[in-house]
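One structure is given below, encoded as C-alpha cells.
The values are calculated or read from the model by the stated rules, or taken from the named source; none is laboratory data. Just so we're clear, the structure is a prediction, and the values are computed from it rather than from any experiment. Glycine gets a Cβ as well: all are built from the backbone with ideal geometry, and neighbour counts include every protein chain shown.
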Amino acid sequence: MTKQTHSLLLSGLLAAFMLPAAAQTSTTPSTANPPATVNQRKENQQDRIGNGVESGQLTAGETHNLEKKESAVNHEEHDMRKLDNGHLTTADRATLNQQQNHLSKQVYADKHNAAVQNTNPKTEVGQRQRNQQERIGQGIKSGQMTAGEAARTEGHSAAINHEIHNDRAANGGKLTAAERGQVNRQQNRNSARIYRAKHNGRRQ
C-alpha cells in the first residue's frame, strides 16, 4: 500500500468518526438553553416589578394592578396543580404562558409610560411615601412579599397618594396641619402592613 493510499484511508476513517460527533454538537444548544419554567418566569416578572417600584417607573396604582393580576395567575396555577397531584399538564403550561406573556407586556408598558412615582420628594409626607415604595420594591424582589401582599399594600399606598393629591388641590398645593396628621396616621398603618408582610414567613 502506497503512502498516498494510506493517507486517504486514514482521512476517510477520521471523517466517519467526526460526523456523528458534529451532529451531536449541533443539537446541544437547543437543550442547553431550555425555555424558562413557569416559576422562573414568575420570579423574573417579580424582579421587573420590584425594580420598577424602586426606580419610580411604576406608580403605587400601577403596581397594585399588576400584582393583583400576578396573584390571580398564581391562584390559577395553584388550582391547576391541585387537580393533577402537584403537576401541570401541557395545556396548563400553555395557558399560564399566555397569561404571563400578557402580564409581561403590561409590565413593560407601565414602566415606559408617562406616569412615574416621585423619587426625590421635598416634603416629609412625600419622603415617607418614597421610603415605603422602596421597602415594597425590595420585598417584591426578595420574595418576602407575595404578589397578593404587594397588591394590598400598594392599594393602600395608591389610596393615600390619591388623598394627598385631592387635599393639595383643595388647598393651593399644600396640606393643612390636620391633613398632614391624618396622612401620617395612614402611613404609619401602611408601614406596619409592609413590615408584617415581609416578616410573616410567606414567600413568593
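Overview of results
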| quantity | calculated |
| --- | --- |
| Yes/no for Ala109 being in contact with a helix residue (DSSP H, G or I) (Cβ under 9 Å, 6 or more places away or on another chain), hydrophobic (A, V, I, L, M, F, W, C) and surrounded by fewer than 19 Cβ atoms within 10 Å (Cβ to Cβ) | no |
| Residue tally, condition among the hydrophobic types (A, V, I, L, M, F, W, C) and either over 18 Å from Ala60 (Cβ atoms) or free of Cβ contacts under 8 Å to residues at least 12 places away in the same chain (or both), over the range 182-193 | 1 |
| Flag if Asn118 is closer than 18 Å to Gly56 by Cα, touching a residue at least 40 places away in the same chain (Cβ under 8 Å) and not basic (Lys, Arg) | yes |
| Which numbered condition Met18 misses (of (1) part of a helix (DSSP H, G or I); (2) surrounded by 10 or more Cβ atoms within 10 Å (Cβ to Cβ); (3) at pLDDT 90 or above) | (3) |
| Subset tally (residues that are hydroxyl-bearing (Ser, Thr, Tyr), in a loop (DSSP other than H, G, I, E, B) and either on the phi > 0 side of the Ramachandran plot or surrounded by 16 or more Cβ atoms within 10 Å (Cβ to Cβ) (or both)) for the range 118-175 | 1 |
| Qualifying residue in the range 158-180 (condition: within 20 Å of Arg48 (Cβ to Cβ) and among the polar types (S, T, N, Q)) | no |
| Unmet requirement for Arg196, which otherwise passes all of (1) without any contact (Cβ under 8 Å) to a residue 12 or more places away in the chain; (2) out of contact with any helix residue (DSSP H, G or I) (no Cβ under 6 Å at 6 or more places or on another chain); (3) over 19 Å from Glu67 (Cα atoms) | (3) |
| Unique residue being more than 23 Å from Lys42 (Cα to Cα), touching a residue at least 12 places away in the same chain (Cβ under 8 Å) and among the charged types (D, E, K, R) when the list is Glu154, Glu149, Glu134, Glu179 | Glu179 |
| Subset tally (residues that are outside any loop (DSSP other than H, G, I, E, B) and among the β-branched types (Val, Ile, Thr)) for the range 176-203 | 2 |
| Test for Asn171: is it polar (S, T, N, Q), at pLDDT below 95 and over 22 Å from Lys69 (Cβ atoms) | yes |
